[in-house]
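Trainee: After the structure tokens below, expect a handful of questions from me.
The values are calculated or read from the model by the stated rules, or taken from the named source; none is laboratory data. If you're wondering where the values come from, they're calculated on a predicted model, not measured in any experiment. Backbone-built Cβ (ideal geometry, glycine too); neighbour counts: all protein chains shown.
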Amino acid sequence: MKPGIPAGTASIEFLQPVYIESAASITGQKEGQGPLGNLFDMVSEDPLFGTKTWEAAESTLQKETASLAIGKAGLTAPDIRMVFAGDLLAQTIASSFGIAEMDIPYYGLYGACSTMGEALSLGAMTVAAGYGEHVLCAASSHFATAEKEFRFPLGYGNQRPLSSTWTVTGSGACVLGSKPPVPEDQKHASPMRYKNGCAVITGITIGKLVDFGFKDSLNMGGCMAPAACSTIAQNLSDFGRTPKDYDAVFTGDLGMIGQQILLDLLSEKNIDLHSVHQDCGLMIYDNETQDTHSGGSGCGCSASVLAAAILPEIARGTWKRILFVPTGAMLSKVSYNEGESVPGIAHAVVIEHSEI
Amino acid sequence: MPTSEQLKKQKQYQQYVKRITPSHSLPLNMTKAFFTGGLICTLGQWILNAAASLGADKETAGSWCSLLLILLSVILTGLNIYPEIGKFGGAGALVPITGFANSVAASAIEFQTEGQVFGIGCKIFTIAGPVILYGILSSWGLGIVYYILKLMGVIL
């Protein structure tokens, strides 16, 4: 039996399901006060996560989330064949310093805010190909490290434009495997198993870098929406589906403005996504009361929302098939200062409810 | 290199995004900036008057004014209050000396974890640096203008 076959021009269809054995999420306090607050596994009141620097805080955040996911799957670190993890910091130090302590073979990823999609895609390919029984996928972001990396010191008094998004302090991690999650009646039961139901990855669409020459890094929805549009249209065409074939399509962090652009761009292609589209960046905060302007962003945004709010509902069967499309804006302080535009990227992962 | 067709499309996209992106109300922002900046300057004038009434000459009173405003701004930055003032007042909080002090203090706080030399030392003027550099450059330019006008007898 083949592990998977190429579908269309940029997708892969897995012939044997890649099971999501467990999912974990940890966030900061602001996310804990948001609409999804009580769904996260843990909400830390200390933004420094017991460390002395913001970077160490994010490492700890990612490490703890990863450990939690491994534990929820009923496994220990040595059971994990490899980990795909990433974050927003230069040289992805949050991931490498966090995962280093776990002693697991490690691949560090950078896909800006699309990292969770990149991690899940690579993880699913690895499991489907039989290269690992259990593979860990993780991503994180931290408001303070992202501000420091891309914008201003936290104490600097400035006005954020209404198009800006708020970087989520949070991390999400999933263990992917070739075997279904441990059922409820057994020891070390996984919360990702509801009776016979669980969530499986059945396909992926690899994103292309899409550059519309847009240069405003404080309007990331505008930078990333064309990429989301490209990947979603590609996914529908590669798998021969219409938006009706998905119960929901979740983009990562387009925010209010990006969502509108995405829907407009897709309707130009005669694709109507209105009824099924949701955005993790709009789910995690209440923009009205939490002063987050266009919505949430960061790798941790889509990763934590996926782990806390989306995957459990798929395992329960609320949604039968969804498309998870985290979006990333590819820029650095240097590229921005040198006048380069901000291309976007989006990776799509098809996740389905499965009965065992 | 993008073709002219692509450039046209990019331009259209930029205009479209601009159209649908909401922005802060300019009159409201200007009003807030006026009152925030006005308040800071009024405080400065009050310090100036108070120092003068205590017997300081004009220059000494001016120094007290700058010193106290900077001190206040740095303390408010440390207490995480100045970012709120900046968020509310915009340029009204940015332009006075307090905004300058805020940008220096904020950088110092942010980068202290990277050490006294490579952290605070190298990065303390990350935001204020351009102001210092171009401030000195433009005052040098004005100095030359002043010198020439003086030679021509326009200024005594």
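Trainee: Go over the candidates A:183, A:153, A:161, A:191 one by one and state the one that is within 14 Å of chain B (Cβ to nearest Cβ) and surrounded by fewer than 22 Cβ atoms within 10 Å (Cβ to Cβ).
Mentor: Result of the check over A:183, A:153, A:161, A:191: A:161.
Trainee: Just need a number here: residues in region B:86-103 that are crowded, with 22+ Cβ neighbours inside 10 Å, in contact (Cβ under 8 Å) with a residue 24 or more places away in the chain and part of a helix (DSSP H, G or I).
Mentor: Qualifying residue count for the region: 8.
Trainee: Ok, one more. Go through region B:104-126 residue by residue and tally those that are closer than 20 Å to residue B:79 by Cβ, of a type in the set (Ser, Thr, Tyr) and buried (at least 17 other Cβ atoms within 10 Å of the Cβ).
Mentor: 1
Trainee: Could you tell me which residue of region B:1-59 is farthest from the other protein chains (Cβ to nearest Cβ), considering only residues that are in a loop (DSSP other than H, G, I, E, B) and either aliphatic (A, V, I, L, M) or over 25 Å from residue B:91 (Cα atoms) (or both)?
Mentor: Checked region B:1-59; the qualifying residue farthest from the other protein chains (Cβ to nearest Cβ) is B:55.
Trainee: State whether the residues of region A:156-173 include one that is under 30 Å from residue B:99 (Cβ atoms), of a type in the set (D, E, K, R) and either in contact with a Phe, Trp or Tyr (Cβ under 7 Å, 6 or more places away or on another chain) or in a loop (DSSP other than H, G, I, E, B) (or both).
Mentor: Yes.
Trainee: Tell me the residue from A:103, A:79, A:87 that is crowded, with 24+ Cβ neighbours inside 10 Å and acidic (Asp, Glu), please.
Mentor: Matching residue, one of A:103, A:79, A:87: A:87.
Here's the yes/no breakdown for (1) buried (at least 19 other Cβ atoms within 10 Å of the Cβ); (2) of a type in the set (S, T, N, Q); (3) not in a loop (DSSP other than H, G, I, E, B):
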site	(1), (2), (3)
A:310	yes, no, yes
A:313	no, no, yes
A:318	no, yes, no
A:322	yes, no, yes
A:331	yes, no, no
A:334	no, no, yes
A:340	no, no, no
A:349	yes, no, yes
A:354	yes, yes, yes
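Trainee: Which residues, taken from region A:241-256, are free of Cβ contacts under 8 Å to residues at least 60 places away in the same chain, surrounded by fewer than 19 Cβ atoms within 10 Å (Cβ to Cβ) and out of contact with any Leu (no Cβ under 6 Å at 6 or more places or on another chain)?
Mentor: A:241, A:242, A:244
Trainee: Taking region A:271-294 as the region of interest, how many residues are within 15 Å of residue A:231 (Cα to Cα) and surrounded by fewer than 20 Cβ atoms within 10 Å (Cβ to Cβ)?
Mentor: 2
Trainee: Here's something else I'd like to know. Give the residues of region B:71-89 that are facing chain A (nearest Cβ under 7 Å) and aliphatic (A, V, I, L, M), sorted by residue number. Walk me through how you get there before you give the answer.
Mentor: As a first pass, look at region B:71-89 and keep what is facing chain A (nearest Cβ under 7 Å): B:77, B:80, B:82-83, B:85-87.
Once the filter is applied, which keeps residues that are facing chain A (nearest Cβ under 7 Å) and aliphatic (A, V, I, L, M), region B:71-89 yields only B:85.
Trainee: Hey, among B:26, B:54, B:39, B:48, which residue is crowded, with 16+ Cβ neighbours inside 10 Å and either at positive phi or out of contact with any Ser or Thr (no Cβ under 9 Å at 6 or more places or on another chain) (or both)?
Mentor: Testing whether each residue is crowded, with 16+ Cβ neighbours inside 10 Å and either at positive phi or out of contact with any Ser or Thr (no Cβ under 9 Å at 6 or more places or on another chain) (or both) leaves just B:48.
Trainee: Of all the residues that make up region A:133-175, how many are aromatic (Phe, Trp, Tyr) and at pLDDT below 95?
Mentor: Taking region A:133-175 first, the residues aromatic (Phe, Trp, Tyr) are A:143, A:150, A:152, A:156, A:166.
Keeping just the survivors that are at pLDDT below 95 gives A:150, A:152, A:156.
Qualifying residue count for the region: 3.
Trainee: Only one residue in A:294, A:230 is assigned by TED's automatic domain parsing to the domain that holds residue A:351, under 24 Å from residue A:336 (Cα atoms) and in contact with a Gly (Cβ under 6 Å, 6 or more places away or on another chain). Which one?
Mentor: Result of the check over A:294, A:230: A:294.
Trainee: Does residue B:107 satisfy the criteria of being modelled with pLDDT of 95 or more, polar (S, T, N, Q) and closer than 21 Å to residue B:33 by Cβ?
Mentor: Taking the combined requirement at face value, the residue does not satisfy it.
Trainee: Can you confirm whether region B:131-143 contains a residue that is surrounded by fewer than 16 Cβ atoms within 10 Å (Cβ to Cβ), within 14 Å of chain A (Cβ to nearest Cβ) and either basic (Lys, Arg) or closer than 26 Å to residue B:76 by Cα (or both)?
Mentor: yes
Trainee: Looking at region A:40-74 only, could you name the residues that are within 19 Å of residue A:280 (Cβ to Cβ) and surrounded by fewer than 16 Cβ atoms within 10 Å (Cβ to Cβ)?
Mentor: Across region A:40-74, the qualifying residue is only A:42.
Trainee: Looking at region A:109-131, can you tell me whether even one residue there is more than 24 Å from residue A:281 (Cα to Cα), crowded, with 17+ Cβ neighbours inside 10 Å and in contact with a His (Cβ under 9 Å, 6 or more places away or on another chain)?
Mentor: yes
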